[in-house]
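Values quoted throughout were computed directly from the atomic coordinates according to the rules given, and no laboratory measurement underlies them. Model, not experiment: these values are computed from the prediction. Cβ placement follows ideal geometry from the backbone for every residue including glycine, while neighbour counts extend to all protein chains displayed.
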Amino acid sequence: MKRISLLGILTILIIIGEFIFSLPDMSKEFQEGFNDGYEQNKIVMAENGTVKKIEHFHRVSVEVTPIESIPADTLQAAVPYQTSQIECYIEPSTSFLIFSPTILIGLLAVLYGMYSLIRLLIRISRKDVFSRKNIWWLRWFTYSYTGFCAILGLLNLMLEQSALQQINIPGYTVDGITSLGIDWGTLAVMILLTEIFAVGVKLKEEQDLTI
């Protein structure tokens, strides 16, 4: 039991550490988003020979692959380098604008999930392991985090579809936007272990009743 308590404390410290180390990136993304919103009236896009003002836009990092079959003079000038990633502005789809506020709901759910994990670890440290309340805490943590990742993945997919439709770079093929790096396999294992724990608790309750 002491080992479980130590692992629980270590887990909480790791989670807090990851959150602290992610603050600079979160601050950078917030600043970029604020600057995008502030400058939105200056963003224009050429469309069919005319200039179109983009009311809503989003900055994306696009993965590209050079087209080797195209001669250098097609690019107007021979360039001694190639790139695999380019930052561009795109106009998000209507579905993205409608669905994007759900990320705030997902974030609140994740925060409660983190609270649930801490409560779970506290109960385990007090030798209260196989209880229905622990199933509640564990499921909140697992499914809130999985749901948040699913929302991010869906929004990223919507942006990618918009990027593929709007971005055309001479000499390159657009492969898509930068992946979020969500480990779906790990999430699946988390869900599996959560449900195994729930089954274990129910089996223990049934065994206690038979005794």
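See the values below:
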read-out	value
Built amide H within the under 5 Å cut-off of residue 177, gap 5+	63
Computed lengthening from residue 86 to residue 166, 0.36 nm per intervening residue step minus Cα-Cα distance	27.4 nm
Förster radius 35 Å - calculated FRET efficiency between residue 129 and residue 100, Cβ distance, rounded to 0.05	0.30
Spherically averaged projected area of region 79-156 from its Cα convex hull (nm²)	8.6 nm²
